[in-house]
Amino acid sequence: SGDEHSEQPPIRAQLRDRRFQHVVEVHRADVGDKLKVGLLDGKIGEARVVERGESHITLEATFHRAPPPPLPLTLILALPRPKMLKRTIQHATALGVKKLYLINAYRVEKSYWQSPWLAQDKLREQCLLGLEQAVDTTLPHIELRKRFKPFVEDELPSIASDSLKLVAHPVTDAPCPVDIQQQTTLAVGPEGGFIPYEVEKLQEAGFAPVHLGPRILRVETALPVLMSRLFPGR
Ligand code: SAM
C-alpha cells in the first residue's frame, strides 16, 4: 500500500524467528509501535508494526537515511578461540569495520579452525548482531587465511598498499597513534601474541608495531580500544 506523496512507497515485511523474538521480547513492540529498521547493504528507515501474529510480526517500513560511513580500516586478526571470535566479530562490525581477514598464527590453536562459527552464514549472523547494535546496514567482508607466511608475503602487500600499516604488539616502544584520518591496515595477534618471527615478517611487509600501554588486553577488548583510538568519533 503506497503513499502517493512519498518518493518511495512503504515496504511491507514479516519478521519471524530470532527477529520476531527480538522485536517482541526486547522492544515489546505491538501494533502501532515504531521501530528503527535497515535494508541490508542499503538505507536506514522507520517501520510501523501493522499486525502481530503468534510467530510473526508485520511491519510497514520506509527507508530514507544512508548508513554511517565505514571505517577506512582493514583488519588482520589472528583467529581467536570460537567464543571470543563471536564477540570480536560483533564488536568489530558494530564499530564499522568492513574488511576483515581471519588469519593463522603460531599461537592460534589448530582446533579453532574446526569451529562451526567460521562458516560464512554463522559469521554473517554475528555481523548482523553488530550491525543491529550500531544501526548500520553495511555487511563486512570476511575472509579466512589458514597459512600465515604466504598470506603475509604474497597477499598482504597489495591488501595494505597505500595504507598506514600497524601491528598491535604490547612489547614495543611506539604508542598507538590517535585519530589518524587515513586508510589503515591493522594486525592484531592471538591470545598468546604474535611470536617474534611473525612480528618480523609483518615488519618486513611494512607494519609498524604499536602498543596500548602496559596493560595486556584480551583481543575482544584490545580491538575496540585500538579502533576507537585510531578513529575516535567515527
Ligand atoms: N602475552 C601476549 C603478548 O605479549 O603479545 C598478549 C597477547 S594479547 C592477549 C592479544 C593481542 O591483543 C596482542 O597480540 C595484541 O595484538 C593485542 N594487544 C593486547 N594488549 C595490547 C597492548 N597493551 N598493546 C598492544 N596490543 C595489545
- prompt: Quick check, is residue 89 part of a helix (DSSP H, G or I), within 16 Å of the ligand (Cβ to nearest atom) and either assigned by TED's automatic domain parsing to the domain that holds residue 163 or surrounded by 14 or more Cβ atoms within 10 Å (Cβ to Cβ) (or both)?
  reply: yes
message: Testing residue 179 on (1) more than 9 Å from the ligand (Cβ to nearest atom); (2) farther than 22 Å from residue 99 by Cβ; (3) assigned to a loop (DSSP other than H, G, I, E, B), one condition comes back false. Which one is that?
response: (2)
- prompt: Residue check, residue 136 against (1) buried (at least 16 other Cβ atoms within 10 Å of the Cβ); (2) modelled with pLDDT of 95 or more; (3) acidic (Asp, Glu); (4) not in a loop (DSSP other than H, G, I, E, B), all met but one. Which one?
  reply: (4)
field: Residue that is nearest to residue 153 (Cα to Cα), among those in the range 115-133 that are in a helix (DSSP H, G or I) and out of contact with any helix residue (DSSP H, G or I) (no Cβ under 9 Å at 6 or more places or on another chain)
entry: 120
message: Need the failing condition index for residue 127 against (1) surrounded by fewer than 21 Cβ atoms within 10 Å (Cβ to Cβ); (2) without any contact (Cβ under 8 Å) to a residue 40 or more places away in the chain, just the number.
response: (1)
statement: Filter the range 15-32 for residues that are farther than 26 Å from residue 138 by Cβ and charged (D, E, K, R); the one that is surrounded by the most Cβ atoms within 10 Å (Cβ to Cβ) is 30
- prompt: If you scan the range 213-227, which residues turn out to be within 6 Å of the ligand (Cβ to nearest atom) and either surrounded by 15 or more Cβ atoms within 10 Å (Cβ to Cβ) or outside the structural domain of residue 192 (by TED's automatic domain parsing) (or both)?
  reply: 217, 219, 222
message: Filter the range 173-218 down to the residues that are touching a His at 6+ places or on another chain (Cβ under 9 Å) and of a type in the set (Ser, Thr, Tyr) and list them by number.
response: none
statement: Of the candidates 233, 206, the one satisfying the condition of being more than 8 Å from the ligand (Cβ to nearest atom) and within 22 Å of the chain's Cα centre (by Cα) is 233
field: Pair list, Cβ < 6 Å and 6+ apart or interchain, from the range 192-220 residues that are closer than 18 Å to residue 108 by Cβ to residues that are within 11 Å of the ligand (Cβ to nearest atom) and of a type in the set (D, E, K, R)
entry: 192/107
query: Does residue 167 qualify as being within 16 Å of the ligand (Cβ to nearest atom), under 16 Å from residue 216 (Cβ atoms) and outside any loop (DSSP other than H, G, I, E, B)?
result: yes
- prompt: Which of the residues belonging to the range 182-203 are within 11 Å of the ligand (Cβ to nearest atom) and charged (D, E, K, R)?
  reply: 191, 198
- line: Here the residues within the range 40-76 that are under 19 Å from residue 95 (Cα atoms), out of contact with any strand residue (DSSP E or B) (no Cβ under 7 Å at 6 or more places or on another chain) and surrounded by fewer than 14 Cβ atoms within 10 Å (Cβ to Cβ) are 40, 41, 66, 69
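The values are calculated or read from the model by the stated rules, or taken from the named source; none is laboratory data. Computed from a predicted structure; not experimentally measured. Heads up, the Cβs are rebuilt from the backbone with ideal geometry, glycines too, and the neighbour counts pull from every protein chain shown.
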